[in-house]
Amino acid sequence: MDNIGDPTSAVTPTSADAAFEQAMALHGENRLDEAERLYQAALSLDPGHAGALCYLGLLRLQQDRPEDSVTLLQQAIERDAGAAEAHHHLGVALERLGVYGQALACQDTALALIPDYGDALHHRGQALHALGRVPEAIASYEAALAQSPDDPQLELALAAALEASGRDEEAFVHCRNAVGFDPALTDQLSQALGRFGQRQPAKAQAGMQRLNRYIGTFLTNQANARMGVYPGLASAPYHDVARLPGALALERNYAAIKAEIEALAATEFQAEAENLMERGAWDVFLFYERSRKNEENCERCPTITRIIEANNTVRTQAGLLYVSKLSPGTHIRPHLGPTNQRLRCHLGIRIPEGDCGLRVGSETRKWQEGSCIVFDDSLEHEAWNHTDEPRIVLIIDFWHPDLTPAEIAYLEGLHRFASFQAVSLNRYWTANAESRSQARKHYD
Ligand code: LMR
Ligand code: MN
């Protein structure tokens, strides 16, 4: 009788495969000493057991014994050259030993066997970065992120490579993502912000001055809560798309984005909750809604999600990221958004001929399929679709491009605090009906 599936069994397995299976189960539970004993048992029954050699090699890496790991993994590969995992772990061990060229070759072999092997792409990036081939490292990390989007170490590795290429703003986005996944990494973010500030001292200083002025307004905001209004940011109804790398990425990826949106069934949309319509029907498909990620919807649209998460999008409660469908005959009445800290971007997906458009301030524009319109939705705006066809746009809120990474990081912190306080704030607003009507704001 073998005892596969019962890793705690004290019975000594009689076949190498049985011992190996038990060892893997224990390894998976991080019971490393017991796993070691059973890998050894497997190898004493079959000294060439490729699986046991490979995983004992991995265990040696976890024990910080990379030389021993290399020996075992090379033996595993001699036995089974088609095991992508063995090549990958060997690459990691060689990377640990500083032999980056060989480490890279191992990851390439692993990837030739399994092209979308996320961990291999990650460590291929590490090897390339160490070899000074930074642009290739970035591409490899980006491919790895497509496989494992929630990996904080990968986000940090990409941030380091971007920073090494002088792309501080993008490095910031990924550093902040890492902290979002693992708050224990906050120090890494504050150190990165320090380095960005040293490289661009004038810009960083101007940002901190704006932030001070903003916080200064909290002293006088009792009568009229206008915490959304941020000083010193360029204000205009429409802004240049080129100032937002994320908007350009949306345009570049238009074909894939359109395909993702067109694959959504009408029933997957929900009715927009805020009562801003004069008539018609306004339906939305939400990716992020005031700091909450809609995992299911994001999974349905991987390209859109990747662009959202690789750019300075507002994913706090001050931002909305969604597909917006205006049915024929719909009119959204004039209203104001809550803050100038963001700029709102509409990517035209399906734009009917005829009378449909957007007015911001005194200027009216019409969307075009595949192009972005960037506007300040804290100014009065309205939208309508007086045609016989639905109008569909992808709406993405970006941090105002004048804001420095440090300002964004602090504003995100403040927004998190504000959502934490939302209940008491609501009570305050209800008790202050007059100020509430003065500051009447909508998110949509
Ligand atoms: C808005 O952002 O207020 C509207 O323009 C939304 C939309 O779908 O046009
Ligand atoms: Mn609006």
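The values are calculated or read from the model by the stated rules, or taken from the named source; none is laboratory data. The structure presented is a predicted model; accordingly, all values stated were derived computationally and were not measured. No Cβ is skipped: glycine too gets one built from the backbone with ideal geometry, and neighbour counts run over all protein chains shown. All accessible areas refer to the heavy atoms of the entire protein, side chains included, with ligands and DNA or RNA removed. Shrake-Rupley method; radii C 1.70, N 1.55, O 1.52, S 1.80 Å.
So, for the range 238-399, what is the accessible surface per residue at a probe of 1.4 Å, expressed in square angstrom?
I get 39 Å² per residue for this part.
For residue 24, tell me the accessible area in Å² from a 1.4 Å probe, rounded to the nearest 10.
About 70 Å², ignoring ligands and nucleic acids.
Mind checking the dipole of the chain: about its Cα centre, +1 per Lys or Arg Cβ, -1 per Asp or Glu Cβ, Debye to the nearest 20?
In total the dipole reaches around 2100 debye.
What do you reckon, how do 290, 279 stack up by accessible area (1.4 Å probe), largest on top?
I get 279, 290, largest accessible area first.
Can you tell me the mean projection area, over all orientations, of the convex hull of the range 178-261's alpha carbons? Units nm², please.
Average projection, Cα convex hull of the range 178-261: 9.5 nm².
Probe radius 1.4 Å, ligands and nucleic acids ignored: give me the carbon and sulfur share of the accessible area of the range 16-199 as a rounded percent.
On the range 16-199, the fraction of accessible area on carbon and sulfur atoms equals 49 percent.
Provide the solvent-accessible area of residue 220, counting protein heavy atoms only and rolling a 1.4 Å probe, rounded to the nearest 10 Å².
Result for residue 220: roughly 110 Å² accessible.
Let me have the 222 nm mean residue ellipticity of the chain computed from DSSP H runs of 4+ only, each contributing -39500 (n - 2.57), with the sum over all residues rounded to the nearest 500.
-16000 deg cm²/dmol
Could you work out the relative contact order of the range 238-399? I mean the mean sequence separation of Cα pairs under 8 Å and 6+ apart, divided by the number of residues, in percent.
With pairs under 8 Å counted, the relative contact order is 28 percent.
Using DSSP loop states and a limit of at most 16 other Cβ atoms within 10 Å to flag GluC sites (Glu not before Pro), what is the longest stretch of the chain containing no flagged site?
By the stated rule (loop sites, at most 16 other Cβ atoms within 10 Å), 30-273.
Report the convex hull volume per residue for the chain, counting only C-alpha atoms, in Å³.
It is 180 Å³ per residue.
Report the relative contact order of the chain, percent, no decimals, based on alpha-carbon pairs under 8 angstrom and at least 6 residues apart.
Contact order relative to length: 10 percent.
Find the relative contact order for the range 1-120 and round it to a whole percent, using C-alpha pairs within less than 8 Å whose residues are 6+ positions apart.
It comes to 15 percent, rounded to a whole number.
Distance between Cα centroids, the range 14-74 to the range 298-348: provide it in whole Å.
50 Å
Which one of 120, 83, 104 has its Cα pushed farthest toward the positive end of the charge dipole of the range 1-132, where Lys and Arg give +1 and Asp and Glu give -1 at the Cβ?
Going by the Cα projections, it comes out as 104.
How large a share of the accessible area of the range 238-399, in percent, is made up of carbon and sulfur atoms when the probe is 1.4 Å and the other protein chains stay in place?
Carbon and sulfur atoms account for 47 percent of the accessible area of the range 238-399.
Label 7 Å along Cα→Cβ of residue 81; the range 108-147 residues with amide nitrogen under 15 Å?
109-110, 112-113
Across 10 Å bins from 0, what is the distribution of all Cα-Cα pair distances for the range 16-199, in whole percents?
All Cα pairs considered, the percentages come to 11, 31, 32, 19, 7, 1, 0.
Of 215, 271, 331, which is farthest towards the positive pole of the chain's charge dipole, taken about the Cα centre with +1 and -1 on the beta-carbons of Lys, Arg and Asp, Glu respectively?
Farthest towards the positive end: 215.
With charges set only on the Cβ (+1 for Lys and Arg, -1 for Asp and Glu), what does the dipole of the range 16-199 come to about its Cα centre, in debye to the nearest 20?
Around 480 debye, computed over the range 16-199.
Extending each Cα 7 Å along its Cβ direction at residue 273 and residue 256, get the distance between those two points in nm, one decimal.
3.1 nm
With just the Cα atoms defining each centre, how far is the range 205-275 from the range 146-161? Give it in Å.
For the range 205-275 versus the range 146-161, the Cα centre distance is 24 Å.
Which whole-number value in Å² is the accessible area per residue of the range 16-199, probe 1.4 Å?
I get 44 Å² per residue for this part.
With just the Cα atoms of the range 238-399, tell me how far they stretch along each of the three principal axes, in Å, largest first.
34, 33, 27
Run the 1.4 Å probe and let me know the accessible area of residue 168, rounded to the nearest 10 Å².
Its heavy atoms expose roughly 10 Å² to the probe.
Counting only protein chains, not ligands or nucleic acids, how are 410, 100, 230, 55 ordered by accessible area (probe 1.4 Å), most first?
Listed by decreasing accessible area, they come as 410, 100, 55, 230.
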